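Reviewing the structure listed below.
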Amino acid sequence: MESSCSQITPPDTVKGMTQLSQEAFTKVVKIPAVKIPKSQINNTQKSWKKLLFKKRGIKSIAELSDSDPEKKTHCLILLDPGQLQTDSLSEEQKITLQKFGLDLDNPDTFEVKLDYNNWSFPEIIRAVLPSDADSVTSFTQIGHIAHLNLKDVILPYKYLIGNVILDKLPIVKTVVNKVSSIDNTYRNFQMELLAGEEKYITQIKEHGSVFELDFSKVYWNSRLSTEHHKIVDLVEKGSVVYDVFAGIGPFSVPVAKKKHCIVFANDLNPSSYEYLMRNIQLNKIVSGKIKAFNMDGRDFIKTVVKNDLIDRIVRYSTDLHKTSSEDVGETSENVESDTFSCTQITNENLESSNISVPFSYVIMNLPAMAIDFLDAFKSILHDLPSELKKPDILEPFLPYIYCYTFSTQDTSLKDMEDRVKVAVGQSMPESCNVRLVRNVAPKKEMMCVSFKLWPDLVLSSCNEDNDDKKKQEDFADTELCKEPDNKRQKLIS
C-alpha cells in the first residue's frame, strides 16, 4: 500500500506490458482524508473543494463505514496528497482543515482500491511504456475512428494501446495506425487495424456542417478545423470560390452553405469526388451552388477556372455596356449590331449601375505541392478579347489566392515569397502575405501564402520563353514536401 502522491500511479509491474491484462492494474493506496460534519459541507467547501482527490470512479466525498459511530453525522473528504503541501495552502485552508482535526504533517489516511477502470488512458500508457520512450497519450478522432501515428519504438505496444483506447472511449469503435506517409496521388495512406471493427466509413460534424467519408480512401485532417473556419469567415457572402484540391468539401460545403457562394470544387481522387457529392446532399446545398469536378488540379485551373473567369468578365462587360447604352438612349438594335462592344468596368461605373462583381477566391490546400500549380495561372486570361485586356477591367474579377505549403522553422517569410515568385515567374505584389497555419512536426510548419492575382501575370503570353520549371526543380526541397511519417502528439487528460 502506497501513500505518496508520486506513487498514485498504476503498479510498477505493468511496465513493458504488451498484451493487456486489466487485473494487473489493481492497486491499494492510502489517501489523506478528513471527517467533516455533513451540516458544514456547504459552508466550508470553499476551503477544501480544490484539494479534493479526483480519480475516475472514486467519490471524493465518501460515506463512513458502518462501524464508525459518526456515520450518520459526518462524511469523509478525500484529499489529493499533492495539494496538501503546506507551502501551497492558504491560511484560510490551513485553519479550516486543522479545525476538523487534520494534521497537515501527519494526516490520517483512507485506503482506496484502484483498478483498471479508475486509471485514465494517459496514466495507463505512461505506466506501460518504457521510461525512455516518448509517451503516446493523444490521437486524432474522426467520428468513431481513432487514428494514431506511432513511432517505431512504440510499435510493440500498438495492440495494447488500441484496446485501451476502446475501453476508455466508448464512442470509439475502430482504432488504426498509420503505416505510410501521405505521398501518393490521392493523398490517402495505408493503415493497420489495431482494435475494434474494420469500419472506415464515418460521419463528423465541423462548424455546423456534416461530412461523411471513408477514412481508408480519402484525406481528412481534424487538426485543420480552425483553418477551415478561418477561411470560411474570410470569404465574402455571394462570392465565387474555386477549390482546386477540395477533398470531401471542408471548405466548399460551408462557403456554399453559410456564405451562399457559387463554388467550383475539384479533386483528383475519385473517392473524394464521390464523398464531396454525398456531402453536398447531406448538407442540403441548393442545386447548382457547388459544381463538382474530378480532374487534375492544373487542368482544373486551365479549363474550369479560366473559362468561368473569361465568361464572367465578358458577360459583366456586355451587361454593363447595355446598361450604359440604355442610359444614353441607344436602341437595342444599335447595341446588338455591334460585333463586340465593351464598356470599361471600373468602380465608378459599377457603383452607378445595378451590376456588382462578386469577390472570387482560389483555395489550394495541397501543401506538399500546391505552389507548383501556381504557374497554371500564368496567361490564364490571354485569350480574352483584346478590348477587355485592360488592368482596370480585369481588377474586380481577379481572385484572391490561398495557397498552402510546408516550410521549416528556419524558412523566412521572404524565402516563402521567393518560392512563389519562382513558381509564377514574376515578382510578387506587395499585398502578398504569409502566415503560420499550424505546427506539423518538429521543425516543420504548415503555412498559407495569400495574394491577389495581377493583370501582368494572367495576361502574359503563352509562348514566353522562360525556365520557370527548371527553377522550380532547383528550388524544391523534396523532403519538405512530404507529410511527416510521425507527428509529435501532445498530452490529453
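The values are calculated or read from the model by the stated rules, or taken from the named source; none is laboratory data. Nothing here was measured: the structure is a model prediction, and the numbers come from that model. Here the Cβ is made from the backbone with ideal geometry for all residues, glycine too, and neighbour counts use every protein chain on show.
Under the condition of being over 17 Å from Ser360 (Cβ atoms) and free of Cβ contacts under 8 Å to residues at least 60 places away in the same chain, the residues counted in region 448-462 number 1. Gln190 meets the conditions (1) surrounded by fewer than 19 Cβ atoms within 10 Å (Cβ to Cβ); (2) at pLDDT 90 or above; (3) closer than 26 Å to Val164 by Cα in every case but one. The failed one is (2).
Working carefully through the options Gly249, Gly288, find the one that is outside the structural domain of Pro396 (by TED's automatic domain parsing) and modelled with pLDDT under 95.
Values: Gly249 fails: modelled with pLDDT under 95.
Residue meeting the stated conditions: Gly288.
Scanning region 186-221 for residues that are of a type in the set (Ser, Thr, Tyr) and farther than 22 Å from Ile285 by Cβ yields Tyr186, Tyr200, Ser216.
Return the residue satisfying two criteria in turn: it lies in region 56-74 and is surrounded by 14 or more Cβ atoms within 10 Å (Cβ to Cβ) and among the small types (Gly, Ala, Ser), and of such residues it is farthest from Leu114 (Cα to Cα). Once the filter is applied, the top-ranked residue is Ala62. If you go through region 105-144 and keep only what is aromatic (Phe, Trp, Tyr) and modelled with pLDDT of 90 or more, you end up with Tyr116, Trp119, Phe121. Could you go through region 207-228 and let me know if any residue there is basic (Lys, Arg) and in a loop (DSSP other than H, G, I, E, B). For region 207-228, residues basic (Lys, Arg) and in a loop (DSSP other than H, G, I, E, B): present. In the set (1) within 14 Å of Asp456 (Cα to Cα); (2) among the β-branched types (Val, Ile, Thr); (3) outside any helix (DSSP H, G or I), Thr405 fails one condition alone, (1).
Looking only at region 75-111, how many residues end up being touching a Cys at 6+ places or on another chain (Cβ under 7 Å) and surrounded by 19 or more Cβ atoms within 10 Å (Cβ to Cβ)? Result for region 75-111: 1.
Residues that are assigned to a helix (DSSP H, G or I) and touching a strand residue (DSSP E or B) at 6+ places or on another chain (Cβ under 7 Å) do not occur anywhere in region 241-251. Going through (1) out of contact with any strand residue (DSSP E or B) (no Cβ under 8 Å at 6 or more places or on another chain); (2) surrounded by 22 or more Cβ atoms within 10 Å (Cβ to Cβ); (3) assigned to a loop (DSSP other than H, G, I, E, B) one by one, His260 falls short only on (2). In the set (1) surrounded by fewer than 17 Cβ atoms within 10 Å (Cβ to Cβ); (2) over 19 Å from the mean Cα position of the chain (by Cα), the condition left unmet by Ile165 is number (1). Among the conditions (1) in a loop (DSSP other than H, G, I, E, B); (2) in contact with a Lys or Arg (Cβ under 8 Å, 6 or more places away or on another chain); (3) within 30 Å of Gln40 (Cβ to Cβ), the only one that Asn106 does not satisfy is (2).
Pick out the one residue from Lys178, Lys158, Lys173 that is surrounded by fewer than 21 Cβ atoms within 10 Å (Cβ to Cβ), touching a strand residue (DSSP E or B) at 6+ places or on another chain (Cβ under 9 Å) and at pLDDT below 95.
Sole residue among the options that is surrounded by fewer than 21 Cβ atoms within 10 Å (Cβ to Cβ), touching a strand residue (DSSP E or B) at 6+ places or on another chain (Cβ under 9 Å) and at pLDDT below 95: Lys178.
Residues in region 112-142 that are more than 30 Å from Ile36 (Cβ to Cβ) and of a type in the set (Val, Ile, Thr) were compared, and the one that is surrounded by the most Cβ atoms within 10 Å (Cβ to Cβ) is Ile124.
Scanning region 378-429 for residues that are more than 32 Å from the chain's Cα centre (by Cα) and aliphatic (A, V, I, L, M) yields Leu381, Leu384, Leu388, Ile393, Leu394. The combined condition, being at pLDDT 80 or above and within 22 Å of Ile231 (Cα to Cα), is not fulfilled by Leu394. Among the residues making up region 1-59, a single one is part of a strand (DSSP E or B) and modelled with pLDDT under 85: Glu2.
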